[in-house]
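Working notes for the structure below.
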Amino acid sequence: MMKKAFLSVYLALAISSLASDWQSQAPREEIAPTFSRNGEELVIQASVREGENGFWERSFPVVGGTWMQFSALKRGENLEHERRSAMVRLEFLDSDGKMVPIQEESVTRYFNRPGVPLSRPEFPRDQGQSNEVWAKVEDLYLVPEGATQAKVQLHLRWAPQGKITWKNVSLTQVEAPESRTARLAAVHLSPRSGESPKANLQLYEPLIAEAAAQEADLVCLGECITIVGLGLDFADVAEPIPGPSTAYLGHLAKQHDFYIVAGLVERDAHLIYNVAVMMGPDGEVVGKYRKVTLPREEIAKGICPGSKYPVFETRFGKVGMMVCYDVFFPEVARKLSMNGAEVIAMPIWGGNPLLAQARACENQVYLVSSTYTSHEDDWMKTGIWDREGRLVQQADEWGTVVVQEVDLAQRTHWRFLGDFQARIAREGPIWEVEE
């Protein structure tokens, strides 16, 4: 305890003593923007030229094995793609300014190769608006053993006539964060023995109870449940949301005190949508997602595509939803993940499991699917994919539930790449994120 207190005092004094040590830098002098200070504010202003790139830089003292919280406020002006242009790079180094080894168990085995893995630069995540003007950049890091300094860079790049102002930059020692475990579940059922839309829903009830008995936090059901095997048209079963089906599922969600994601058919005036709906532990609708990508069969039936990529807060983390054909297009999962989704729940009639693997892997999210494809077929699976795209749970019998516990607070690090999920927004191609 005395050692921790001493380290905290030492770090506070050291950081304070370096408060004026920010230096302006650029990869090449010919592409440097203009740097200025306004009191404690650090300003970077780009001209009309393309490709200007520069940053403020300074080092903070750190102690290996401790947890540190980086925090800063930024205010951008004329930034078309702020996620890429106004960002922070943080790198843990030894006293000689070199990368330090990191524990092998913190690096995924997926890219395991001979040699000692080294720490890689980190890219703190944007945390939304702290008020109407200033946006917060904040993240937690475990300092690698052997590191004595953290080099921090505050960037403006590739933004003609753009401007960024940084302030309140800090790196503070904190207690180790608590784990954020979630038990994700999926039901493997083809409800073809029902005689009505409600009867189809009722077939899921004992499996929902089984998921609850296994202490699931969220359970994913199938796509368009109220139409499967009934020989009806989408318009025959379409209903408002909230509506009768969400009331039924909401009762079960409240009874079992967890989240249920189910595929339904929504009517909104003259429009019909293929939707995924999430019911909360209070029995109410948490949110819905309208399927964005429609196959030819649904287009021919007059289904309307959605256009939004909402992500919803739950007790354990942020959840997005997508439906079936969405898995064939990388944009849907990417936009959900960039909107903050840590878990994506996917009711799906059938599809290519390699694409489910890709969507989980390329976005570093957990993906939960419930399919009507037989487990005996070489096609879509009911199961849970981890952030590396591995199918860690898979149903092998009809009328069963699969459950996987995950820790959303634990980072996934790839050898040579580090925390790739944090790099996507900073280094990936330009796209418009739609909420």
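The values are calculated or read from the model by the stated rules, or taken from the named source; none is laboratory data. Note that the structure is predicted; figures quoted are calculated from it, not measured. Heads up, the Cβs are rebuilt from the backbone with ideal geometry, glycines too, and the neighbour counts pull from every protein chain shown. Heads up: the accessible areas ignore ligands, DNA and RNA and are worked out on the full protein's heavy atoms, side chains in. Shrake-Rupley method; radii C 1.70, N 1.55, O 1.52, S 1.80 Å.
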Fill in the blank from the handout: The Cα extents of the stretch 117-273 along the principal axes, largest first and rounded to whole Å, are 67, 42, 30
Problem - Of all accessible heavy-atom area on the chain, the percent that carbon and sulfur account for (1.4 Å) - result: 49
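Please say if the stretch 376-415 is rounded, prolate or oblate, where rounded means a/c under 1.5 for a ≥ b ≥ c the square roots of the C-alpha gyration tensor eigenvalues, and otherwise the choice is prolate for a/b larger than b/c and oblate otherwise?
Oblate shape, in that a/c is at least 1.5 and b/c is the bigger or equal ratio.
Around E239, what is the net charge, scoring Lys/Arg as +1 and Asp/Glu as -1 over all other residues with Cβ under 15 Å from its Cβ?
Numbers: positive: K198, R267, K288, R290; negative: D233, D236, E266, D268.
Net of charged neighbours comes to 0.
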Exercise for the section: Compute the long axis of helix 244-256 from its Cα atoms, compare it with the longest principal axis of the Cα atoms of the chain, and write down the angle in degrees, 0 to 90, nearest 10. Expected result: 60
Exercise for the section: With the Cα gyration tensor of the stretch 298-435 in hand, give its eigenvalues times 5 under a square root as the equivalent ellipsoid semi-axes, listed largest first in whole angstrom. Expected result: 24, 20, 14
Exercise for the section: For the stretch 304-364, report the convex hull volume of the alpha-carbon atoms normalised per residue, in Å³, without decimals. Expected result: 86
Practice task
Mind ranking 218-229, 49-60, 146-157, 24-35 by how tightly packed they are, going by the mean number of other C-beta atoms within 10 angstrom, highest first?
Solution key: 218-229, 146-157, 49-60, 24-35
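Q410 to I299: extension gain in nm, 0.36 nm per residue of separation minus the Cα-Cα distance?
35.9 nm
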Problem - Kirkwood-based shape ratio for the stretch 250-306, expressed as Rg/Rh from alpha carbons - result: 1.09
Handout entry: Contact order normalised by residue count of the chain, Cα under 8 Å, 6+ apart, percent
Key = 16
Problem - Relative frequency of Cα-Cα separations exceeding 13 Å in the stretch 180-238, percent - result: 60
Practice task
Report the FRET efficiency, 1/(1 + (r/R0)^6), for W67 and L118, where r is their Cβ-Cβ distance and R0 is 25 Å, rounded to 0.05.
Solution key: 0.80
Problem - the stretch 131-215: radius of gyration and largest Cα-Cα distance (Dmax), Å - result: 25.3, 68
Fill in the blank from the handout: Probe 1.4 Å, all chains present, heavy atoms only: K98 accessible area in Å², nearest 10, is 130
Fill in the blank from the handout: The value for the stretch 338-414 (convex hull of the alpha-carbon atoms, volume per residue, Å³) is 90
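Tell me, what is the FRET efficiency for T34 and W398 to the nearest 0.05, using R0 = 56 angstrom and their Cβ-Cβ distance as r?
After rounding, the FRET efficiency stands at 0.30.
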Fill in the blank from the handout: HN-Hα couplings for the stretch 21-35 via Karplus (6.51, -1.76, 1.60; θ = phi - 60°), in whole Hz with x for Gly/Pro, come out as 8, 5, 10, 7, 9, 8, x, 9, 4, 5, 10, 6, x, 9, 10
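Averaging over all projection directions, find the projected area of the Cα convex hull of the chain and quote it in nm² with one decimal place.
On the way: hull surface 96.9 nm².
The number I arrive at for the chain is 24.2 nm².
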Problem - Crossing angle, helix 2-17 versus the chain [Cα axis fit, 0-90 degrees, rounded to tens] - result: 70
Practice task
Pick out which of L294, L189, L271 has the largest mean-square fluctuation in a Gaussian network model of the chain, springs linking Cα atoms closer than 10 Å.
Solution key: L271
Handout entry: With Cα atoms, 0 to 90° folded angle of helix 353-363 axis to the chain main axis
Key = 30
Practice task
Please identify every one of the trypsin sites (Lys or Arg not before Pro) in the stretch 203-305 that sits in a loop by DSSP and has no more than 14 other beta carbons within 10 Å of its own beta carbon.
Solution key: K301
Exercise for the section: Would you look at the GNM of the chain, springs on alpha carbons closer than 10 Å, and say which of G263, G65, G287 moves the most? Expected result: G65
Exercise for the section: For the chain, give the magnitude of the charge dipole about the Cα centre (Cβ charges: +1 Lys/Arg, -1 Asp/Glu; no others), in debye to the nearest 20. Expected result: 1040
Completion exercise
Summing +1 per Lys or Arg and -1 per Asp or Glu among the other residues with Cβ less than 13 Å from D94's Cβ gives -1
Problem - Residue of A235, A216, A356 that the Gaussian network model of the chain assigns the largest fluctuation, springs spanning Cα pairs under 10 Å - result: A235
